[in-house]
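The structure appears right after this line, and notes come after that.
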Amino acid sequence: MQKLETRTFLLFLLIVTVGFLMILKPFFGTIFWACAITVIFYPMQARLLKRFKGRTNTSALLTLAACILVVVLPVTVLVSSVVAEGADYYKKLESGEVDPTHYIEQIRTAFPAVQQALDRVGIDFAKVKEGALSVTMSGGKWLAQNALSIGQNTFSLLLNICLMLYLTFFLLRDGNYLLELLIRALPLGDARERMLFAKFGEVTRATIKGNLVIAAIQGTLGGLIFWVLGIPGALLWGVVMAVLSLIPAVGPAIVWVPVSIYLFATGDNVKGLILVAFGAGVIGLVDNILRPILVGRDTKLPDYVVLLSTLGGLALFGINGFVIGPLVAALFIAFWGIFIREVHVMVPSEDEEGQPEADSGKDSAA
């Protein structure tokens, strides 16, 4: 009877938990970033708690104010500026003021070898131009639609931001209590749970801080060199490079390499050389130096695992995936580390393999 009651209770516990998670599903991004911001700013919260002698509300409010000033306001201003510039770029595409096919045609004329190489592999250059135009129009249209969407859904956007900040306040204030509650509730063993939660915080903090620092530096450098060289839309392309820098190794090069090729095609060899030298020697060097230090070292993940988990996370979860991917990879390695350390798998002994038995047989015969 007791087992039946326990099983029934566990069944209803599972049903209620799944139902609650389904209710929270529309707010997944909001909750995720509230947790992420809490993890990043919690060291500040801990220092303020010591300074204000345990006054949790005061320290949480001050930490939240710092978060708003450092993260929320700059990101909001930057995103609105970029979307507005993207919408203006889309208008130029529609009016014909900007024509991607013209740029591609200039590259084909300047580099006949490109046409010959495409012909050898059976690629129609006309289709390449159509594809480039389609992708460019789709990107511009998406930015324009989002500019309109942001204007129409300002209330919804503000609501999500306010909800995120509201959750962040309570997570900062009650973080230790909630963590201890989870440790008591989960049936994994307190030591394992503390280690896994520590790993969660470590990886989340390292991934977000590392990737955002790298994105900010590479985006700023990319936008700056575009502005210096007089390339239109320097702010827009700088932000695009910052976003693409979430893809390790090749991110910003997706933007500056085609632009440098176009500069060579139009005869601006000096600008092309400057862009190639700056892109490979400065922008690329930032990724090669900082990513292993800021992301790989702190997450204790090999570079190839960081690359694969980031790409897989972006494919599955969108922009949130650059954190979720490495986080899942780190937890995967942590769980298997626990398994290897604590679960003793029987290894066949030498006796079972027969060699020592043969030797002993020889000894006895002797």
**Report entry** Selected residue (criterion: nearest to residue 164 (Cα to Cα)) from residues of segment 1-28 that are of a type in the set (S, T, N, Q) and surrounded by 10 or more Cβ atoms within 10 Å (Cβ to Cβ)
**Finding:** 17
**Report entry** Check on residue 210, on the phi > 0 side of the Ramachandran plot and out of contact with any Gly (no Cβ under 7 Å at 6 or more places or on another chain)
**Finding:** no
Report task. Could you list all residues from segment 282-334 that are in contact (Cβ under 8 Å) with a residue 40 or more places away in the chain and aromatic (Phe, Trp, Tyr)? Result -> 322
Query raised in the report: Taking residue 228, is it open to solvent by 50 Å² or more (accessible area, probe 1.4 Å) and within 15 Å of residue 295 (Cα to Cα)?
Result: no
Report summary line: Of the residues in segment 251-301, those that are open to solvent by 70 Å² or more (accessible area, probe 1.4 Å), modelled with pLDDT of 75 or more and either closer than 30 Å to residue 196 by Cβ or not in a helix (DSSP H, G or I) (or both) number 0
Query raised in the report: So is residue 196 modelled with pLDDT of 85 or more, open to solvent by less than 60 Å² (accessible area, probe 1.4 Å) and within 24 Å of the chain's Cα centre (by Cα) or not?
Result: no
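The values are calculated or read from the model by the stated rules, or taken from the named source; none is laboratory data. Just so it is clear, the model here is predicted, and its values are computed rather than measured. Cβ: placed from backbone, ideal geometry, glycine included. Neighbour counts: every protein chain shown. Quick note on the areas: whole protein, heavy atoms, side chains included, nothing else; ligands and nucleic acids left out. Shrake-Rupley method; radii C 1.70, N 1.55, O 1.52, S 1.80 Å.
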